[in-house]
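The values are calculated or read from the model by the stated rules, or taken from the named source; none is laboratory data. None of these values were measured; they are calculated from a predicted model. We place every Cβ from the backbone using ideal geometry, glycine too, and count neighbours over all the protein chains shown.
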Amino acid sequence: MKKILFLIALILGISSTSALAHKVIVFAWVEQGQIHIEGSFGSDRPAKNCVIKVTDSNKGLVHQGITDAQGLYSFALPDTNDSDLVVELDAGTGHSGHWTLPKDELGMEPTLKSLEEKMVQKQSLEKDPSLARILSGIAVIFGLAFAAAWIKKRKKDKSNA
Amino acid sequence: MHISEGVLSGQVLAVGAVITIVGTTIGLRKIDYDQMVHVAILASAFFVASLIHVNIGPVSVHLILNGVVGLLLGLAAFPAILTALVLQSLFFQYGGLTALGVNCVIMALPAILMHYLFLPLVGKSPKLTFVAGFLAGFFSIGFSCLLMGSALWFTNEDFLKTCIAIISAHVPVMVIEGIITGFCVSFLLKVYPEILPKKIVGKKNWKES
């Protein structure tokens, strides 16, 4: 039992030095007639030189570009668009992320309040997984294992009886 | 190593899901009652490993640890890796639920292959145990890269170009995982041999100083 606890402690020790893995985060907003896009793999890792594709609700290509060294890309609002826009960032080798800009957000200038809300949304996306989440995941794994062990034991006992 | 949602075609996703269901069913049947805690420990290690980032120059990769999971668990690696991937997807938003089957195949199949290729070397001597661990860690990532390239190739990408891109990005992690797996297996054989298959523990024929 001590050895098992030691191994669990080792796993938790590893997790405390964690950083984000390759979760592709795309964030887009409208400001001064332009659509601004920011791509990252977490707070400190911009998605550089990644392909940006903007499509309408019929999956028609509206715009295409490549992010800069800061993971940023901006372009002028399309004049003819009449639907939501989906921004896709392709980071290559199976990694991609999406962000939807609703139609009603495209036509108006953002207020300070709405920009602040967006920033909060962005920060929550970029946040590292909390220790509580990591512990919950491990607890679920052990819960499932014990449930499976209990079922197996019951089956074994039944077949022995 | 986690393919995102919306990247792969429906057929590739379906094939991945079927292989995962079959593999997990076989894996669950193979797990002994006594082995369940070990499966949970290794699934937990796999679950948190993706949070550990390795930055080497411009390349940034994360650990996977499928080699050590496969080497120690064999077929039971399938349910262990599937559980960890489901939780990574739900708790950390890695990969995605629709790509779960394919991601599981990419990481679990090479892991199981490592069990059959390199476990016979474990326990023969300290040096061979480390070598077996290193090779399992190294090649599990290598084969995972090839499977990932195949999944993307069947969707629409150029196989060779994709494989070269994936493998070149993962060479540092292949070496690091090889070293970690080598040390991990050697250490476990010393301090907690019960986690290894019984036939290996019985085979160990040297005394620790």
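Among the residues of region B:113-123, those identified as of a type in the set (A, V, I, L, M) and not in a loop (DSSP other than H, G, I, E, B) are B:L113, B:M114, B:L117, B:L119, B:L121.
Against the numbered list (1) farther than 22 Å from B:S50 by Cβ; (2) modelled with pLDDT of 85 or more; (3) hydroxyl-bearing (S, T, Y), A:S136 comes up short only at (1).
Among the conditions (1) surrounded by 15 or more Cβ atoms within 10 Å (Cβ to Cβ); (2) under 21 Å from A:L125 (Cβ atoms); (3) touching an Asp or Glu at 6+ places or on another chain (Cβ under 7 Å), A:V62 misses just one, which is (2). From the list A:S43, A:S15, the lone residue that is modelled with pLDDT under 80 and either facing chain B (nearest Cβ under 10 Å) or more than 22 Å from the chain's Cα centre (by Cα) (or both) is A:S15. For region A:72-91, does any single residue satisfy the condition of being touching a Pro at 6+ places or on another chain (Cβ under 8 Å) and closer than 30 Å to B:I164 by Cβ? Yes, that holds for at least one residue.
Within region A:101-108, identify whether any single residue is within 14 Å of another protein chain (Cβ to nearest Cβ), touching a strand residue (DSSP E or B) at 6+ places or on another chain (Cβ under 7 Å) and surrounded by 14 or more Cβ atoms within 10 Å (Cβ to Cβ), and answer yes or no. No. Would you say B:T83 is under 17 Å from the mean Cα position of the chain (by Cα), within 13 Å of chain A (Cβ to nearest Cβ) and either over 19 Å from B:H170 (Cα atoms) or crowded, with 24+ Cβ neighbours inside 10 Å (or both)? Answer is yes for this residue. Determine if region B:87-110 includes at least one residue that is within 19 Å of B:S140 (Cβ to Cβ) and out of contact with any Ser or Thr (no Cβ under 9 Å at 6 or more places or on another chain). There is no residue in region B:87-110 that is within 19 Å of B:S140 (Cβ to Cβ) and out of contact with any Ser or Thr (no Cβ under 9 Å at 6 or more places or on another chain). Take the conditions (1) on the phi > 0 side of the Ramachandran plot; (2) in contact (Cβ under 8 Å) with a residue 24 or more places away in the chain; (3) within 14 Å of another protein chain (Cβ to nearest Cβ); A:N49 misses just one of them, which is (2).
For B:L28, the criteria (1) within 12 Å of another protein chain (Cβ to nearest Cβ); (2) within 11 Å of the chain's Cα centre (by Cα) hold in every case but one, which is (2). The set of residues in region A:44-63 that are part of a loop (DSSP other than H, G, I, E, B), within 20 Å of A:T100 (Cα to Cα) and not acidic (D, E) comprises A:A47, A:C50, A:S57, A:N58, A:K59, A:G60.
The residues listed here are B:A99, B:A49, B:A111; of these, the one that is surrounded by 18 or more Cβ atoms within 10 Å (Cβ to Cβ), within 14 Å of chain A (Cβ to nearest Cβ) and within 27 Å of B:S186 (Cβ to Cβ) is B:A49.
Any idea which of B:I21, B:I64 is at pLDDT below 90 and on the phi < 0 side of the Ramachandran plot?
Going through B:I21, B:I64 in turn, the sole match is B:I64.
Just one of (1) among the small types (G, A, S); (2) within 13 Å of chain A (Cβ to nearest Cβ); (3) within 14 Å of the chain's Cα centre (by Cα) fails for B:A169. It is (3).
When A:D82, A:D157 are screened for being closer than 30 Å to B:S9 by Cα, exposed (fewer than 15 other Cβ atoms within 10 Å of the Cβ) and either within 14 Å of chain B (Cβ to nearest Cβ) or not β-branched (V, I, T) (or both), only A:D82 passes. Taken over region B:134-161, the criterion of being without any contact (Cβ under 8 Å) to a residue 40 or more places away in the chain and hydroxyl-bearing (S, T, Y) is satisfied by B:S150 alone. Entry remark, region A:109-119: residues being surrounded by 10 or more Cβ atoms within 10 Å (Cβ to Cβ), more than 16 Å from A:Q34 (Cα to Cα) and among the aliphatic types (A, V, I, L, M) number 1 in total.
For every residue, the table says whether it meets (1) out of contact with any helix residue (DSSP H, G or I) (no Cβ under 6 Å at 6 or more places or on another chain); (2) surrounded by fewer than 14 Cβ atoms within 10 Å (Cβ to Cβ); (3) within 12 Å of another protein chain (Cβ to nearest Cβ).
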position: A:S57; (1), (2), (3): yes, yes, no
position: A:P78; (1), (2), (3): yes, no, no
position: A:S96; (1), (2), (3): yes, no, yes
position: A:I134; (1), (2), (3): no, no, yes
position: A:A145; (1), (2), (3): no, no, yes
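Regarding region A:102-121, can at least one residue be identified that is within 30 Å of B:I106 (Cβ to Cβ) and either touching a Gly at 6+ places or on another chain (Cβ under 8 Å) or at pLDDT below 85 (or both)? No.
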